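J.: Supplied in structure tokens, the structure appears directly below.
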Amino acid sequence: MGLYTAGGARITKAGFPATPVADRTMTVTADIYATRRFAEGDKKPEGSIRTIAFRAGALIKESEIAKLFPAPTITAVLPGTGPAAGGTVVTITGTNLDGTTAVTFGGTAGTVLTVLSDTAVKVTTPAKAAGAVDVVLTDDAGSVTKVGGFTYS
């Protein structure tokens, strides 16, 4: 699920437009929209629909905001091997990936990061010495590690 401003800009967890109040309830300062895929029976079977999730002025607990940004998971890194020179375009699949901001391979940032969907991102591997390295994906909710997720040959 993605959250967006009325103008269509994606909202990050850190940029959620709300202000804190004394009882740890937040006041939403701008309308927030959510997207969902069209249901099977909908007339438009492809794409997504945008609906209002929170109106400006609504009160929401800070813990409820945190639930809107679930932690990512990594199911697979494909291909799982590539040359030490780098340059391999890999697809990482998992869940809650639409907020991905960075991917590292053994501590070195990948390049040309493209978020394909909530379940897939593409990134190009950097050069590294031969051997298995951890793949770390970072998003609004934190980081997730696929231990030994990519092997340089």
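J.: Compute for the range 73-152: radius of gyration divided by Kirkwood radius, i.e. Rg/Rh, restricted to C-alpha atoms, rounded to two decimals.
T.: 0.92
J.: Next up: State the answer as a single residue: which of 124, 97, 9 lies farthest towards the positive end of the charge dipole of the chain, with beta carbon charges of +1 for Lys and Arg and -1 for Asp and Glu, about the Cα centre.
T.: The one lying farthest along the dipole's positive direction is 9.
J.: Once you put a point 7 Å from the Cα of residue 129 and another 7 Å from the Cα of residue 153, both along the Cβ direction, what distance in nm separates them?
T.: Distance between label points: 2.1 nm.
J.: Ranking 92, 52 by Cβ neighbours within 10 Å, fewest first, what do you get?
T.: 52, 92
J.: Tell me the relative contact order for the chain as a rounded percent, counting alpha carbon contacts under 8 Å between residues six or more apart.
T.: Working: 355 pairs, mean separation 29.5, N = 153.
Over the chain, the number comes to 19 percent.
J.: On to the next question. Longest exposed-loop-site-free stretch of the chain, with trypsin sites (Lys or Arg not before Pro), DSSP loop and at most 15 other Cβ within 10 Å?
T.: 56-153
J.: For Cα Rg over 2.2 N^0.38 Å, several values are listed as (i) 0.93; (ii) 0.99; (iii) 1.23; flag the one computed from this structure.
T.: Among (i) 0.93; (ii) 0.99; (iii) 1.23, the one derived from this structure is (iii).
We did not get these values from a lab; they are worked out from the coordinates using the rules stated. On a predicted model such as this, the values are computed, not experimentally measured, just so you know. Note: ideal-geometry Cβ built from the backbone for every residue, glycine included; neighbour counts use all protein chains shown.
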